[in-house]
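The values are calculated or read from the model by the stated rules, or taken from the named source; none is laboratory data. Fair warning: this is a prediction, and the values are worked out from it, not measured in the lab. In this analysis, Cβ positions are derived from the backbone assuming ideal geometry, glycine residues included, and neighbour counts consider all displayed protein chains. With ligands, DNA and RNA removed, areas are computed over all heavy atoms of the protein, side chains included. Shrake-Rupley method; radii C 1.70, N 1.55, O 1.52, S 1.80 Å.
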Amino acid sequence: MEEKKFDLNSLIGFVLLGAIMLWWMYSNQPTPEELKAKAETEQVQEEIIPSNNVSSNTSEKIVKVTDSLSLVNAQSQLGEFSHSATVSDAETILENEVLKLVISNKGGQIKEALLKNYVTYDSLPLYIVKNNNASFNINFGTKDNRTLNTKDLFFEPTLTSNGENQVLSMKLKVADDKFLEYRYEMKPDEYMVDFNIHSQGLNSSFNTSQQINLDWNLKTFKTEKSVSYENQHTELYYEKEDEKIDYLSMGKDDDAIEKDVNWIAFKQQFFSSILISKEGFNDANLASNNLVKDEAIDTTFTKSFHLKAPLVLNNGELNYDMNWYIGPNDYQILKKYDRNIKEVVNLGWGIFGFINRYVFIPVFNFLQGFIGNYGLIIILLTIVVRIFMSPLVYKSYLSSAKMKVLKPEMEEVNKRLPGKENAMKRQQETMALQSKAGVSPLAGCIPAVLQMPVFFALFRFFPSNIDLRQKAFLWATDLSAYDSVYELPFKIPLYGSHISLFPILASIAIFFYMRMSQSQQMNMQAPTQEGMPDMQKMMKMMMYFSPVMMLVFFNKYASSLSLYYFVSNLLTVSIMLIIKNYIIDEDKIHAKIQENKKKPKKEGKFRQRLNEAMKQAQEQQKKKK
């Protein structure tokens, strides 16, 4: 075996390699100036957000970038707004007794909005904003030809207090004295949050030749039992400078370009997000898109709303005082504010809205004060309405009884003047007979017409009343939604895949009401003349058609509405039976008519003009012959 020998050449090689490595390490050692610069850029700085004794769940820290390469990249992308890259993606919570807002550093915008006193139809927490269904962004250009979006940048939060109010300042900084600020101020027990957009020292940063745009988007969550019925009441409202309220179509995709807009409301059936600007928006591009194409599949969102509004610089700075209402469409809450936002509660236009505001809402609130069962409140409200309407029912039925007594004499006129050639003369004598007897066919129609505003007012009142939401009565678990007593294994077009009991009861009640009304109207109707349509056949068709329509279309409507119509028609039938059997005496009416015939009857001006017109028509017919 060969013995290993000492190799001098190898030793010299190792020594030389070590010397070279020592020389390389020494020559690449950083200077003291470089070490100081590196320490400044790589040092991790942690700053706790000041709380100032305000109750908050904020415990996030702002962590700045940890390497010089990231800072260089941020400066190349964001320019003088690169400070944004040093702020972490943290969150701050603003919360009071009714509302909880989670504000994200990214975009300085609301990431979550929770209504604490409400739940969805399936008892889940009710969020207006969550899971990126909303965005709030300001798009602007800079002097160094960059276009930036605040939704992509990070704001630095500072939480303080103003008395009992919580104040959150979110600043997108260029420097300590140059920033864009979103300022949120939340009051105790309020859904209205003060929201200001303010810039300081950015007049040298904004590119004034490029438009600054505010973009606000929201996809509304389904929160109610029936997605189709909820979608019918989900729409975009806005108020113009002249306080005129307008809205986009709720039944189809719609958009509009409006000038001088004060506020915009993304309205769901019972909840709204309303952005109010004290300065107003000079221009507003509005859009509403329906997201429910198939009720069986599209069960998360109902509609998508969009606002795009240019912002105006004042001396090179942004300065907008706003309010954000995120809460229920409760008329009593909304009317506290002087910005007319109570109009998002659709109580009907004109006289219908007037009746709801000044009659039904006060009566409902009065009954609500000492009755806890909302089904009983609806029944009592219906009784009150029918009691006030009973004089009109009596007037209508009395007119019907008079026409019934007079009908044999009108038939005698028809027999005496047969044929189309005597149509004018026959009509003239019939009217003269009615006039002498003191009977007017319109006397029965006018009471019915006067009841129509009440019908349409209540048609708007019940679906808009948030107090009925998730209130149970008998088998109905929610008076603001349909009452399902049986789920069908298939879907019937127009009707649906469930059976509601209240619409069935309402349909039966309206059938008997229509049947009694038909006999009443047949008494009032003059005998059918030659060449004229048979009104009796048309009324008979309506007697069967109306209950079917009620059954089909009200199957998806609020059970409170069907309950009202059921009780209302039941009471009306009862009142009519009482009037017929215990109040009206046809013998006395006949004697009164005969007595009226003997009295000289002075014709009114309208009757005189009508008679003259009929005489002229008769003369023209004679000339043609």
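Observations
- Checking every residue in the stretch 202-210 against the condition of being β-branched (Val, Ile, Thr) and either part of a loop (DSSP other than H, G, I, E, B) or within 17 Å of PHE81 (Cα to Cα) (or both) gives at least one match.
- Note on the stretch 229-259: among residues that are open to solvent by less than 20 Å² (accessible area, probe 1.4 Å) and in contact (Cβ under 8 Å) with a residue 60 or more places away in the chain, the one that is farthest from ILE499 (Cα to Cα) is GLU239.
- Being among the hydroxyl-bearing types (Ser, Thr, Tyr) and either open to solvent by less than 40 Å² (accessible area, probe 1.4 Å) or touching a Cys at 6+ places or on another chain (Cβ under 8 Å) (or both) is a property that TYR358 lacks.
- Among the residues listed as ASP144, ASP189, ASP176, the single one being among the charged types (D, E, K, R) and within 30 Å of GLN470 (Cα to Cα): ASP189
- Residue match in the stretch 464-476 (condition: of a type in the set (S, T, N, Q), farther than 24 Å from GLY348 by Cβ and either part of a helix (DSSP H, G or I) or at pLDDT 65 or above (or both)): no
- Residue within the stretch 502-511 that is at pLDDT 85 or above, more than 25 Å from LEU571 (Cβ to Cβ) and open to solvent by less than 20 Å² (accessible area, probe 1.4 Å) present: no
- Single condition MET186 does not satisfy, out of (1) hydrophobic (A, V, I, L, M, F, W, C); (2) in contact with a Phe, Trp or Tyr (Cβ under 9 Å, 6 or more places away or on another chain); (3) under 24 Å from LEU94 (Cα atoms); (4) open to solvent by less than 10 Å² (accessible area, probe 1.4 Å): (2)
- Scanning the stretch 116-168 for residues that are basic (Lys, Arg) and assigned to a loop (DSSP other than H, G, I, E, B) yields LYS130, LYS143, ARG146.
- GLU295 meets each of the listed conditions (1) over 19 Å from THR223 (Cβ atoms); (2) of a type outside the set (Val, Ile, Thr); (3) surrounded by fewer than 18 Cβ atoms within 10 Å (Cβ to Cβ) apart from (1).
- Close pairs from the stretch 143-154: first closer than 13 Å to GLN211 by Cα, partner exposed (fewer than 12 other Cβ atoms within 10 Å of the Cβ) and at pLDDT 90 or above, Cβ under 9 Å, at least 6 apart: none
- The lone exception for LEU406 - which of (1) part of a helix (DSSP H, G or I); (2) modelled with pLDDT under 90; (3) open to solvent by 40 Å² or more (accessible area, probe 1.4 Å) it fails: (3)
- Check on PHE364, in a helix (DSSP H, G or I), at pLDDT 90 or above, of a type in the set (Phe, Trp, Tyr) and crowded, with 16+ Cβ neighbours inside 10 Å: yes
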